1. Please work out the FRET efficiency for the pair LEU268 and THR147, using the Cβ-Cβ distance as r and a Förster radius of 25 Å; give the result to the nearest 0.05.
2. Could you please rank TYR212, TYR222, TYR39, placing first whichever residue has the fewest other Cβ atoms within 10 Å of its Cβ?
3. With a Förster radius of 45 Å, plug the Cβ-Cβ distance of ARG40 and GLU210 into 1/(1 + (r/R0)^6) and report the FRET value to the nearest 0.05.
4. In the stretch 129-267, how many lysine pairs have Cα atoms under 14 Å apart, counting only pairs 8 or more places apart or on different chains?
5. What does the charge count near ALA256 come to, summing +1 for each Lys or Arg and -1 for each Asp or Glu among other residues with Cβ under 14 Å from its Cβ?
6. Using the beta-carbon distance between MET107 and GLN64 and R0 = 22 Å, what value does 1/(1 + (r/R0)^6) give for FRET efficiency, to the nearest 0.05?
7. If you add up the charges near VAL106, with Lys and Arg at +1 and Asp and Glu at -1, over every other residue whose beta carbon is less than 9 angstrom from its beta carbon, what do you get?
Amino acid sequence: MNRSVRRVMVGVAGFAVLGMTATLAGAQTDAVKEKQRLYRDDSYWVFPRGHWGDVDKDNAAGNQKILAPALADGTLVGYGDAENLMHSAEGFTHANWWQANSWAGVMKVVEGFDKGGGTAMAQAPDAGCALPSEPKDVPAAIDAAITGPGDKDRACMKALFIPEARMMFVSIGADGTPSYTIQTLDDWIARVKARGHNMLEEKQLKFHIERYGNIAHLWSSYALRSDGKQVARGINSIQAIKEAGGSRVTGIMVQAESATAPLPKEYLP
C-alpha cells in the first residue's frame, strides 16, 4: 500500500453534504432527507522526485489564489491534495481534488486554473521536456539540451539534471599537471548564456553503459561545435539515475582532448 501525505480543507457546508446530521435527544423524524449530490474533480500526476518541492510551492500558490477563495464564497465545499511517499513505477506521485454542490461550481474552479491561476499540478508537464525512459537515451537527451543558441531556454536541461547535479571540467596543463573546475548547472547556463545567439552543437559520438538497478554510468566520447566549427572533442563520464518519471543526470565529468591526451581510436565512431 502506498504511504501518502494528505492535506484536506472542508467548509462548514461540507459536513452536511457528507450526510452528517445531528438531532436533539428524543427528537423524532418521519422521513430521512435525501443526501445532497456532490460533484468532484480528481487529478493524478507523476513528477520526478527532484521537482516535488516545486510542486508543493505551486500547490500552495494555487490553493491561496483559487481554491481557498472558492471555499470561502461557497463555490466549493472542500479541496485537498496528496503526495505519495512510496509509490510504484506505474503509480502517481501527486494528486489533487475539489468538490462542490454543483457541476458548475467544479467547472468554475477549472476555468480559474485555465485562465492562469493554475499550479504545476493543474497542467500537464511539457511534452517537449519528457525525460528519457532509459539510460541509453540519456546521451541524445544531453545533446538536445545543450545544442542551440547560447541564450536559449534551458528548462528541458533543468528537467534532465537533478537540482544537486555538478559538472566537473578537467584540464591538463602544459607541464602535464591536471586541474579541474566544478560548476552547478546554473553556473554552466550563465556561462553559456553570455555567448548570446552563438550556436552550440554537442554530439555524443560513441558510448557504452554500465548499469545496476536504478543507477547507470555512461562513458561517452563527444564533439562540440560552435557556429558550425568543431572546437573540442573529449570524454563525458555521465552518472544517471532512473526515477519514476524517467532517467536523469546526477553529474558529468568532462575532459577535452589535448595534444598530450588524444582520444583513443576505440572511443571514436
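Values quoted throughout were computed directly from the atomic coordinates according to the rules given, and no laboratory measurement underlies them. This one's a predicted model, so the numbers in the text were calculated from it and none came from an experiment. Please note: Cβ atoms are built from the backbone with ideal geometry, for glycine as well, and neighbour counts cover all protein chains shown.
1. Numbers: r = 20 Å, r/R0 = 0.80.
In this case the efficiency is close to 0.80.
2. Working: TYR212 7, TYR222 25, TYR39 16.
Going from least to most buried by this count: TYR212, TYR39, TYR222.
3. On the way: r = 48 Å, r/R0 = 1.06.
It comes out at approximately 0.40.
4. Values: LYS136/LYS206; LYS136/LYS242; LYS152/LYS193; LYS203/LYS229; LYS206/LYS265.
Lysine pairs meeting the criterion: 5.
5. Net of charged neighbours comes to 0.
6. Details: r = 21 Å, r/R0 = 0.94.
Approximately 0.60, to the nearest 0.05.
7. So the environment of VAL106 carries a net charge of +1.
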